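*Asks:* Let me give you the structure first, and then I'll get to my questions.
Nothing in this text is a laboratory measurement; each read-out follows from the coordinates by a stated rule. On a predicted model such as this, the values are computed, not experimentally measured, just so you know. All Cβ positions, glycine included, derive from the backbone under ideal geometry; neighbour counts span all protein chains shown.
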Amino acid sequence: MIVGAGLAGCLLAWRLQQAGQHFFLIGSTAMPSAFGVAAGVINPVTGRWMTKTWNFDQLLPKAEETYRAIEQQFGIQIYHPIPEIRFCQNAEDLKRAGRRMRNPRYRNVLSHMAAAGKAAPEFNDEYGTFHIDQAAYVDLPLVVNTLRASFATLGVFRDETFLYSKLKASLGAWQYQDIYAQNVIFCEGAAIQDNPWFKNVPIKPTKGETLLCQSPTIRLPQKLYHHKKWFLPYSNGTFRIGATYDESDLSNAPTEAKKDELLRATHGALKEPHQIKVTAHLAGIRPSTHDSRPIIGPHPTESGLYLINGLGSKGASTAPAMTQQLTDHILNKSPIDDEVKLARFD
Ligand SMILES: Cc1cc2nc3c(=O)[nH]c(=O)nc-3n(C[C@H](O)[C@H](O)[C@H](O)COP(=O)(O)OP(=O)(O)OC[C@H]3O[C@@H](n4cnc5c(N)ncnc54)[C@H](O)[C@@H]3O)c2cc1C
């Protein structure tokens with residue numbers, strides 16, 4: 001039984017299905033989620049320090065293979081490779097970008113630097129830019145909604161809020177209402193704090209907001225533009241701006257303050273003034289962790305209970321590999337990597 005039909009829960013259910021296992025997925029489409037507001041960007045080099053994403057060279061092939069397999073199975077398009085341009089914000093950035101370019105570890109994710117004003121003339125660009133290779137965005141709502149619909153057709157998805165008080169140990173298995181399960185795998189994202197078995201897992205919930213927009217005048221080649229905020233144009237002429245980070249406000253409600261922050265950053269990044277109409281303003285909570293690593297594995301004492309969480313701001317790239325590891329662990333007793341196992345907090 002899988003609890004939480006978000007990105008992790010649906011991919012895990014799909015993996016169990018591929019492995020020929022019986023499963024049942026319980027998740028509420030009415031409850032808030034992170035996948036529903038995420039841009040699904042896979043960014044190989046991130047943050048102020050321009051560091052290569054943890055384990056990127058292992059995570060990306062698994063992610064691409066997984067999303068391509070789902071595309072094939074359902075005849076949909078979810079994995080979109082996209083060129084990425086990052087704008088240096090100051091002289092320090094420029095020096096750091098140069099150092100990264102000379103570092104062999106970055107050879108497969110960074111390519112040429114361009115002098116100020118050369119790479120994307122629509123943007124203010126005082127210090128120059130560099131290209132990030134192997135970036136992509138994944139249509140996470142399409143992944144999740146496609147898998148949910150397929151599981152619903154098979155009668156193995158129940159759209160409801162899981163009530164922890166109704167889960168009972170019963171004769172070496174777990175009983176939830178009319179369902180008996182050998183294993184229960186919790187994939188609730190930031191809502192894990194309500195889970196009595198895993199409530200002490202150190203998740204650091206981090207709120208984020210994004211804007212879906214359109215403009216009568218902004219026409220840009222389809223690239224991911226990373227200025228102070230990122231700017232992602234879609235093929236239908238709309239674009240998305242993101243994202244904010246907030247650890248103090250943990251409501252799911254979008255705020256005017258963050259909308260202003262995103263719009264101000266965008267107007268500041270673009271050379272010409274443009275009219276921007278916000279068509280959707282979304283907010284959600286990322287299930288982040290203090291060491292920025294996912295958390296997967298069995299409950300320390302309760303046999304048959306498992307967890308996948310802590311996908312933070314990188315679920316698009318980490319969920320495929322983490323669901324694979326946990327599936328292999330449950331079915332074949334394969335060891336879980338030390339860096340991601342829940343037991344690292346013991
Ligand atoms: C603003 C924002 C931008 C982001 N941008 C990116 C990005 O560009 N790239 C990227 O890789 N990641 C991004 N993320 C992060 C990404 O969304 C998460 O890493 C990913 O969704 C985590 O997957 P999950 O399945 O653990 O959690 P979720 O996607 O939140 O799914 C958990 C699901 O479980 C359900 N659930 C919880 N408790 C219960 C219960 N008791 N009963 C029933 N259902 C329950 C929830 O309703 C939800 O549907 C972003 C997140 C935010 C908020």
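*Asks:* Relative contact order of segment 52-150: what whole-number percent is it, with Cα pairs under 8 angstrom and at least 6 residues apart?
*Replies:* It comes to 33 percent, rounded to a whole number.
*Asks:* Determine which lysines satisfy two conditions relative to residue 341: a Cα distance under 28 Å, and not lying fewer than 8 residues away in the same chain.
*Replies:* 52, 62, 166, 168, 199, 204, 207, 314, 333
*Asks:* List the aspartates and glutamates whose Cα sits under 14 Å from the Cα of residue 118, skipping any in the same chain fewer than 8 residues away.
*Replies:* Straight-line reach from residue 118, under 14 Å: 126.
*Asks:* Would you kindly compute the Cα radius of gyration of the chain and its largest Cα-Cα separation (Dmax), both in Å?
*Replies:* 20.9, 68
*Asks:* Rounded to the nearest 0.05, what FRET efficiency is calculated for residue 95 and residue 299 with R0 set to 45 Å and r the Cβ-Cβ distance?
*Replies:* Working: r = 47 Å, r/R0 = 1.05.
Here the calculated transfer efficiency is 0.45.
*Asks:* Quickly work out the residue 245-to-residue 278 label distance, labels modelled 7 Å from Cα along the C-beta direction, and quote it in nm with one decimal.
*Replies:* Distance between the two pseudo-spin positions: 2.1 nm.
*Asks:* Collect residues whose amide H, placed 1.01 Å from N in the peptide plane, falls under 5 Å from the amide H of residue 305; neighbours closer than 5 in sequence don't count.
*Replies:* Long-range HN contacts for residue 305: 184, 299.
*Asks:* Something else about it: What list of ³J(HN,Hα) values in whole Hz, one per residue of segment 192-200 in order, does the Karplus curve 6.51 cos²θ - 1.76 cosθ + 1.60 (θ = phi - 60°) give from phi, with Gly and Pro shown as x?
*Replies:* 4, 4, 8, 8, x, 7, 10, 5, 8
*Asks:* Further question on the same structure: Quick one: helix 315-332 against the long Cα principal axis of the chain, what's the angle to the nearest 10°, folded into 0 to 90?
*Replies:* The two axes meet at around 30 degrees.
*Asks:* How far is it, in nm, from the label point at residue 219 to the one at residue 333 when both lie 7 Å from their Cα along the line to the Cβ?
*Replies:* Once both label points are built, they end up 6.4 nm from each other.
*Asks:* Now for a different question. What relative contact order, as a whole-number percentage, does the chain give when Cα pairs under 8 Å and 6 or more residues apart are counted?
*Replies:* Relative contact order here is 22 percent.
*Asks:* Would you mind giving the three semi-axes, in whole Å and largest first, of the ellipsoid equivalent to segment 18-94 according to its Cα gyration tensor?
*Replies:* 32, 17, 13
*Asks:* With the Cα gyration tensor of segment 2-57 giving a ≥ b ≥ c as the square roots of its eigenvalues, does the rule (a/c under 1.5 for rounded; else a/b larger than b/c for prolate; else oblate) give rounded, prolate or oblate? Before the final figure, lay out each step's value.
*Replies:* Details: a/c = 4.16, a/b = 1.70, b/c = 2.45.
Since a/c reaches 1.5 but b/c is at least a/b, the shape of segment 2-57 is classed as oblate.
*Asks:* Please express the shape of segment 88-176 as an equivalent ellipsoid: the semi-axes are the square roots of 5 times the eigenvalues of the C-alpha gyration tensor, given largest first in whole angstrom.
*Replies:* 51, 18, 13
*Asks:* Taking a cut-off of 26 Å, what percent of all Cα-Cα pairs in segment 223-346 are separated by more than that?
*Replies:* Working: 3159 of 7626 pairs.
In whole percent, the long-distance tail amounts to 41.
*Asks:* By how many nm would the segment from residue 252 to residue 21 lengthen if fully extended, with 0.36 nm per residue of separation less the alpha-carbon distance?
*Replies:* 79.7 nm
*Asks:* What percent of all Cα-Cα pairs in segment 121-259 falls into each 10 Å bin, going from 0 up to the bin containing the maximum distance?
*Replies:* Once binned at 10 Å, the Cα pair distances of segment 121-259 give 8, 24, 29, 21, 12, 5, 1.
*Asks:* Something else: Test of understanding: what is the full-extension gain from residue 165 to residue 142, defined as 0.36 nm times their sequence separation minus their Cα-Cα distance?
*Replies:* Once the chain is fully extended between residue 165 and residue 142, it gains 5.1 nm.
*Asks:* What does the charge dipole of the chain about its Cα centre add up to, to the nearest 20 debye, if the Cβ of each Lys and Arg holds +1 and the Cβ of each Asp and Glu holds -1?
*Replies:* 740 debye
*Asks:* Right, next: Gain in length, residue 204 to residue 107, computed as 0.36 nm per residue apart minus the alpha-carbon separation, to one decimal in nm?
*Replies:* My answer for the length gained is 31.7 nm.
*Asks:* If each Cα of segment 204-289 is one equal point scatterer, what is log10 of I(q)/I(0) from the Debye formula at q = 0.12, 0.15, 0.22, 0.25 Å⁻¹?
*Replies:* The Cα Debye sum returns log10 ratios of -0.35, -0.54, -1.05, -1.26.
*Asks:* Please report the relative contact order for segment 204-289, taking Cα pairs under 8 Å with a sequence separation of at least 6, and give it as a percent rounded to a whole number.
*Replies:* Worked out over segment 204-289, it gives 48 percent.
*Asks:* Same structure again: If each of residue 179 and residue 51 carries a label point 7 Å out from its Cα toward its Cβ, how far apart are those two points in nm?
*Replies:* Simple spin-label model gives 3.7 nm for this pair.
*Asks:* Same structure, new question: What shape does segment 145-211 have by the C-alpha gyration tensor, where a ≥ b ≥ c are the square roots of the eigenvalues, rounded means a/c under 1.5, and otherwise prolate means a/b greater than b/c and oblate the rest? Don't jump to the answer; show the numbers that get you there.
*Replies:* On the way: a/c = 2.73, a/b = 1.19, b/c = 2.30.
Because a/c hits 1.5 or more and a/b fails to exceed b/c, segment 145-211 counts as oblate.
*Asks:* Let me ask something else about it. Rounding to the nearest 10 and keeping the result within 0 to 90°, find how far the Cα-based axis of helix 256-269 lies from the longest principal axis of the chain.
*Replies:* Value to nearest ten degrees: 40.
*Asks:* Can you run phi through the Karplus equation (6.51, -1.76, 1.60; θ = phi - 60°) for segment 220-227 and list ³J(HN,Hα) in whole Hz, with x for Gly and Pro?
*Replies:* 10, x, 6, 9, 8, 9, 10, 9
*Asks:* Helix 140-153 versus the longest principal axis of the chain: what angle, 0 to 90°, nearest 10, using Cα atoms?
*Replies:* With rounding to tens, the tilt is 30 degrees.
*Asks:* Also, quick follow-up: May I ask for the net charge around residue 265, where only other residues with Cβ less than 9 Å from the Cβ of residue 265 are counted and Lys, Arg are +1 while Asp, Glu are -1?
*Replies:* +2
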